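Student: Please find one structure pasted underneath; my questions will follow.
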Amino acid sequence: MTHQTEAANLRFEERLPGWQRWTGALILAILAVILVVVAAIESLWGFYLVAVSLILAAAWCWRLAQITVVVDDRAVTLTGPAWKRVIPRQDVHEVSVAPDNGMNLGLVNWPVTTHEHGSLTRVNMGGSAAVTFSDSDGHRYQFVLSNRGDAELIAEAIAG
């Protein structure tokens, strides 16, 4: 978790826990090596492209994958891989903090998932506490953080 406070801005970044980053990157790298060996033995040039894609995915998982929440005087901005939402502060309602198990609710383990028939967007890289709030349309957002202290700090900034 990275946390920065500037004037009226609060920013938190969450990444996968170290063991998950290393395990995911290692599995993808091993698969890439296997594909390169098969491509060399069988002269299957397309496998090289797949191997390069796996290496890029491993690098992304190990170094770049993160989720971010930024709270300033105008908006709450949530970002994840290939996803971003900006919710004006005046539209934020019902801010709460609750314990969380850090697991996603379905089979897809992507950092940003939608649940409960589209009424909940969960931004999660694993953690033990979640900040949940809704916008003026009734859509709920849940941002999972590594510890309760950080979650309470974010909830206070959002509600403040």
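The values are calculated or read from the model by the stated rules, or taken from the named source; none is laboratory data. Since this is a predicted model, take the numbers as computed values, not measurements. Every residue, glycine among them, receives a Cβ derived from its backbone with ideal geometry; neighbour counts consider all protein chains shown.
Student: Of (1) farther than 27 Å from residue 131 by Cα; (2) touching a helix residue (DSSP H, G or I) at 6+ places or on another chain (Cβ under 7 Å); (3) touching a residue at least 24 places away in the same chain (Cβ under 8 Å), residue 12 satisfies all except one. Which?
Tutor: Of (1) farther than 27 Å from residue 131 by Cα; (2) touching a helix residue (DSSP H, G or I) at 6+ places or on another chain (Cβ under 7 Å); (3) touching a residue at least 24 places away in the same chain (Cβ under 8 Å), only one is false for residue 12: (1).
Student: Could I ask something else about it? Can you confirm whether the stretch 62-84 contains a residue that is in contact with an Asp or Glu (Cβ under 6 Å, 6 or more places away or on another chain) and of a type in the set (Ser, Thr, Tyr)?
Tutor: First, the residues of the stretch 62-84 that are in contact with an Asp or Glu (Cβ under 6 Å, 6 or more places away or on another chain): 66-68.
From what is left, the residues that are of a type in the set (Ser, Thr, Tyr) are 68.
For the stretch 62-84, residues in contact with an Asp or Glu (Cβ under 6 Å, 6 or more places away or on another chain) and of a type in the set (Ser, Thr, Tyr): present.
Student: Which ones in the stretch 102-138 are within 18 Å of residue 71 (Cα to Cα) and either under 13 Å from the mean Cα position of the chain (by Cα) or surrounded by 14 or more Cβ atoms within 10 Å (Cβ to Cβ) (or both)? Can you show your working first?
Tutor: The initial filter retains those residues of the stretch 102-138 that are within 18 Å of residue 71 (Cα to Cα), namely 121-124, 129-136.
Scanning the stretch 102-138 gives 121, 122, 123, 124, 129, 130, 131, 132, 133, 134, 135.
Student: Next question, about the same structure. Please go through the stretch 90-112 and pick out each residue that is in contact with a helix residue (DSSP H, G or I) (Cβ under 8 Å, 6 or more places away or on another chain) and within 17 Å of residue 157 (Cβ to Cβ). Talk me through it step by step, then tell me what you get.
Tutor: Of all residues in the stretch 90-112, those in contact with a helix residue (DSSP H, G or I) (Cβ under 8 Å, 6 or more places away or on another chain) come to 92, 95-97, 99.
If the condition is that a residue be in contact with a helix residue (DSSP H, G or I) (Cβ under 8 Å, 6 or more places away or on another chain) and within 17 Å of residue 157 (Cβ to Cβ), then 92, 95, 96, 97 are the ones that fit.
Student: Restricting attention to the stretch 101-153, which residues are assigned to a helix (DSSP H, G or I), under 13 Å from residue 14 (Cα atoms) and touching a residue at least 60 places away in the same chain (Cβ under 8 Å)? Explain how you work it out, then say what you get.
Tutor: Taking the stretch 101-153 first, the residues assigned to a helix (DSSP H, G or I) are 148-153.
In the following step, the residues that additionally are under 13 Å from residue 14 (Cα atoms) were identified as 150-151.
Scanning the stretch 101-153 gives a single hit, 150.
Student: Name the residue, out of 87, 30, that is among the β-branched types (Val, Ile, Thr), surrounded by 12 or more Cβ atoms within 10 Å (Cβ to Cβ) and either in contact (Cβ under 8 Å) with a residue 24 or more places away in the chain or part of a strand (DSSP E or B) (or both). Full working, then the answer.
Tutor: Numbers: 30 fails: either in contact (Cβ under 8 Å) with a residue 24 or more places away in the chain or part of a strand (DSSP E or B) (or both).
That would be 87, the only listed residue that is among the β-branched types (Val, Ile, Thr), surrounded by 12 or more Cβ atoms within 10 Å (Cβ to Cβ) and either in contact (Cβ under 8 Å) with a residue 24 or more places away in the chain or part of a strand (DSSP E or B) (or both).
Student: Next question. Taking residue 95 and the conditions (1) over 28 Å from residue 25 (Cα atoms); (2) without any contact (Cβ under 8 Å) to a residue 60 or more places away in the chain; (3) in a strand (DSSP E or B), which numbered condition does it fall short on, given that it satisfies the others?
Tutor: If we test residue 95 against (1) over 28 Å from residue 25 (Cα atoms); (2) without any contact (Cβ under 8 Å) to a residue 60 or more places away in the chain; (3) in a strand (DSSP E or B), just (2) comes out false.
Student: Considering only residues that are in a helix (DSSP H, G or I) and exposed (fewer than 13 other Cβ atoms within 10 Å of the Cβ), which ones fall in the stretch 39-55? Please lay out each step first, then the result.
Tutor: Start the filter on the stretch 39-55 by keeping residues that are in a helix (DSSP H, G or I), which leaves 39-42, 45-55.
Selection gives 40, 41, 42, 45, 46, 49.
Student: Can you pull out the residues in the stretch 74-84 that are in a strand (DSSP E or B) and of a type outside the set (S, T, N, Q)?
Tutor: First pass over the stretch 74-84, keeping only residues in a strand (DSSP E or B): 75-80, 83-84.
The answer is 75, 76, 78, 80, 83, 84.
Student: What's the total number of residues in the stretch 57-81 that are modelled with pLDDT of 85 or more and hydrophobic (A, V, I, L, M, F, W, C)?
Tutor: Residues flagged as modelled with pLDDT of 85 or more and hydrophobic (A, V, I, L, M, F, W, C) within the stretch 57-81 amount to 7.
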